[in-house]
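The values are calculated or read from the model by the stated rules, or taken from the named source; none is laboratory data. As the structure is a prediction and not an experimental result, all values here were calculated from the model. Here the Cβ positions follow ideal geometry from the backbone for every residue, glycine too, while neighbour counts run over all protein chains shown.
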Amino acid sequence: MISIDYNMGAVFCSQINRLDDMLDGTTVFVVPDYQRKYSWEGAKVDDLWNDLMDNCKNSDRPYLLGPVIMVKKPGTDPAFSEIVDGQNRLVTLALLFCALRDSLSKHEPVETGDKDDYDNLVKEIDKSVKTDAEQRPLIVLNNGDANDVFTGICTRKDVPVQSSESGMQITANYKILLDYANSLCKHHFDNSSPRTAMRNIKRLLNTIKNNTCFVYIEINDEDHAHQIFQSMNSKGQKLHQSDLIKSLLLQTVQNGDRDGVKDRWKKIMSLPSIQKHPDDFLYYSMLSRTCPKLQDGSDEVLKMKMYTVVKNKCKDPVDVDRYLRDLSEDSHIIEALNRPDTLRSNAGYDHDFVYLFFGIQQVHAKYLRRPIIAACREWGFSDKTKSLADCLLKFFFMYRTISKSDINQIKRIARDVTCQILDKRGLDEVLYTVLKSQRPGSTEDNIDQETFMNKFMKNINDLKRPVAAYILCSLEKKLNDSQGTRADSYRYYVDHIFPSNPGDGWANRDELRDHKNRLGNLTLLDIKWDPSAQNRSFENKLGNGTRRYSNSDVELNKKYLVNYTQWGVKEIEDRENKLVEHARKIWDLSEYSRRAKKPQDSGM
């Protein structure tokens, strides 16, 4: 049963339509800007093909493929409708017809009579794929790359190299259907004459087109189409908050301004990491601009409620413009946080920010994103922002080393620091908020150096690769800083000196097996390293020539590895003790504690 709200003011009509009535070559179906992209995965394509083939064996009953919702556009030639719901099913059915048509081309007959039957069958299939007049696809997608791919398949032209996920999915699904169609055509042409094979395939095609039915719902009000699209979030494939927010923005502005909003949104969302996780981007942008009124954070924005927040904020086109400007400003900061290597393209970029943003990734300090985005926006990529990011990262690492479970203090600090930045507070007051439990003479629980180092020593016996990368890059940076050089975190990757898969050169492999993930057995390699030496003996890895430890530019290797002539438990422990002495200096927050100043009348 379908329930429709007639109080919305739009005019609705609904009926059962056959696929043959819809894809008849006279109406073009357009996917509007506010819709999400084509997204069916291969498993759904398999299910559709199997269901259609089963139904063809029982051709006396219809196959109901659910509702489709359209907005009819009157006075257009050719006629066209916007798809509010049904894109994935209609596009996949069109791909199925293309696959059947293209499979038939491998069995094109040479006899004149058979050739006429073949041409008529191809025309019949094309009628469900392309318009009668312009010979363009009956469905137009809202993603440029995906639409180019889909058009190439429908018109039998060269399919362009696609860059979007939607375009790649269309190509993949077409290949799945082409495999099915090839098998079907081969079966018929191998077991009967060409004319009989084509007659059987035409009968199957007609059964699919006549028996596949939709509940066709048509509305005549575009604004209500947006609302229907949004309300459908509670059923079927769940929409991202970003889908709903995009739809809201387009609905809020006038028709003539929608192309501009669409282009601005597309530009913002086209950055690689943002395109991959759009909801995360919108959420951290929103958090970095939000200061909750209640100190317990009970009125914090929830990720699943972002649409409601934007709806309350964007009441008119001016609000939409301001919101898009905010997103554009934050997008480059968040892209740098997600992909620190992109900072290299900036003139005069600072290696320290690459290291800090890399560290935030490696220790999974996602809550630090909020204040750091706010700081980058307010202070730029300045020494102030660098000091705050360095302090936050070190504090987070020390705190999590000691307390594995309670993350609430980190969340509260991130919120309070963001509020202070938004309130135009200075760095010294912000540092106090981070380190108030660190200050000398405090009666609160301190994260003092000895407590941290004791926990640190216990945790470095079995390090996971991301945390090991952060620790080793921090040590390398410390060694480089001491002699005025720069360490670039993205040049390095973690190497086990005694390897995870040791070759024949390790006679003491049984003795070392339980020590392979210790800090003393881990080092960094750069791009000059010879990967063929990875699992060889210590002597081979040490080497005398280029691309070995002995010729490495990495300070951890030059100072604390090449002086060993063999590798065993004793050497691992000796090297580890030397590295730990540097660690004591790295994770020392006393300098920031001295700079911290208690906020005045902040209510913190």
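Annotations for the structure displayed:
- In a residue-by-residue description of segment 302-315, the property of being modelled with pLDDT of 85 or more and over 30 Å from I372 (Cβ atoms) applies to at least one position.
- Segment 504-596 holds helices (runs of 4 or more DSSP H) entirely within its bounds, and those carrying 2 or more residues that are within 41 Å of the chain's Cα centre (by Cα), closer than 30 Å to D390 by Cβ and of a type in the set (D, E) map to 569-586.
- Restricting segment 222-274 to residues that are at pLDDT 85 or above and among the β-branched types (V, I, T) leaves a set whose member that is nearest to the chain's Cα centre (by Cα) is I274.
- Members of segment 255-295 found to be in contact (Cβ under 8 Å) with a residue 12 or more places away in the chain, among the charged types (D, E, K, R) and either surrounded by 20 or more Cβ atoms within 10 Å (Cβ to Cβ) or over 15 Å from D33 (Cβ atoms) (or both), listed by number: D279, R289
- Which listed residue, of V309, V301, is assigned by TED's automatic domain parsing to the domain that holds K276, hydrophobic (A, V, I, L, M, F, W, C) and not in a helix (DSSP H, G or I): V301
- Against the conditions (1) at pLDDT below 90; (2) in a helix (DSSP H, G or I); (3) not aromatic (F, W, Y), H188 satisfies every one except (1).
- Of the residues screened, S81 is one that is outside any helix (DSSP H, G or I) and touching a residue at least 12 places away in the same chain (Cβ under 8 Å).
- In segment 275-301, the residues that are in contact with a Lys or Arg (Cβ under 8 Å, 6 or more places away or on another chain), among the charged types (D, E, K, R) and modelled with pLDDT under 90: D299, E300
- Single residue of R325, R370, R400 found to be at pLDDT 95 or above, surrounded by 16 or more Cβ atoms within 10 Å (Cβ to Cβ), in a helix (DSSP H, G or I) and of a type outside the set (D, E): R370
- With respect to the conditions (1) assigned to a helix (DSSP H, G or I); (2) assigned by TED's automatic domain parsing to the domain that holds E576, E450 lacks only one, and its number is (2).
Per-residue answers, yes or no, for (1) within 30 Å of G503 (Cα to Cα); (2) not hydrophobic (A, V, I, L, M, F, W, C):
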residue: Q534; (1), (2): yes, yes
residue: G543; (1), (2): yes, yes
residue: R547; (1), (2): yes, yes
residue: Y564; (1), (2): yes, yes
residue: V580; (1), (2): yes, no
residue: E591; (1), (2): no, yes
residue: R595; (1), (2): no, yes
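- Criterion (within 24 Å of H351 (Cα to Cα) and surrounded by 15 or more Cβ atoms within 10 Å (Cβ to Cβ)) met by exactly one of L512, L542, L561, L479: L479
- Number of positions in segment 154-180 that are of a type in the set (S, T, Y) and modelled with pLDDT of 85 or more: 4
- Every residue from segment 453-485 that is of a type in the set (S, T, Y), over 14 Å from F397 (Cα atoms) and in a helix (DSSP H, G or I): S482
- L64 being assigned to a helix (DSSP H, G or I), of a type in the set (A, V, I, L, M) and touching a residue at least 40 places away in the same chain (Cβ under 8 Å): no
- When R101, R89 are screened for being under 23 Å from N142 (Cα atoms) and either touching a strand residue (DSSP E or B) at 6+ places or on another chain (Cβ under 7 Å) or not in a strand (DSSP E or B) (or both), only R89 passes.
- Beta carbons closer than 7 Å, at least 6 apart along the sequence or on distinct chains, pair a first residue in segment 453-477 that is at negative phi and touching a residue at least 12 places away in the same chain (Cβ under 8 Å) with a second that is aromatic (F, W, Y) and assigned to a helix (DSSP H, G or I) for C473/Y355; C473/F358; K477/Y355.
- When segment 493-527 is filtered for residues that are basic (K, R) and under 15 Å from R575 (Cβ atoms), the ones remaining, listed by number, are K516, R518.
- Test: S183 is in the same structural domain as H107 (by TED's automatic domain parsing) and at pLDDT below 80: no
- When segment 373-397 is limited to residues that are modelled with pLDDT of 95 or more and among the hydroxyl-bearing types (S, T, Y), the one that is farthest from F452 (Cα to Cα) turns out to be T385.
- Residue in segment 312-324 that is of a type outside the set (A, V, I, L, M), more than 22 Å from D257 (Cβ to Cβ), touching a helix residue (DSSP H, G or I) at 6+ places or on another chain (Cβ under 7 Å) and touching a residue at least 12 places away in the same chain (Cβ under 8 Å) present: no
- With respect to (1) modelled with pLDDT of 95 or more; (2) under 24 Å from D588 (Cα atoms), the lone exception for I334 is condition (2).
Conditions (1) of a type in the set (G, A, S); (2) crowded, with 18+ Cβ neighbours inside 10 Å; (3) at pLDDT below 85, marked per residue:
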residue	(1), (2), (3)
G9	yes, no, yes
N58	no, no, yes
P67	no, no, yes
S103	yes, yes, no
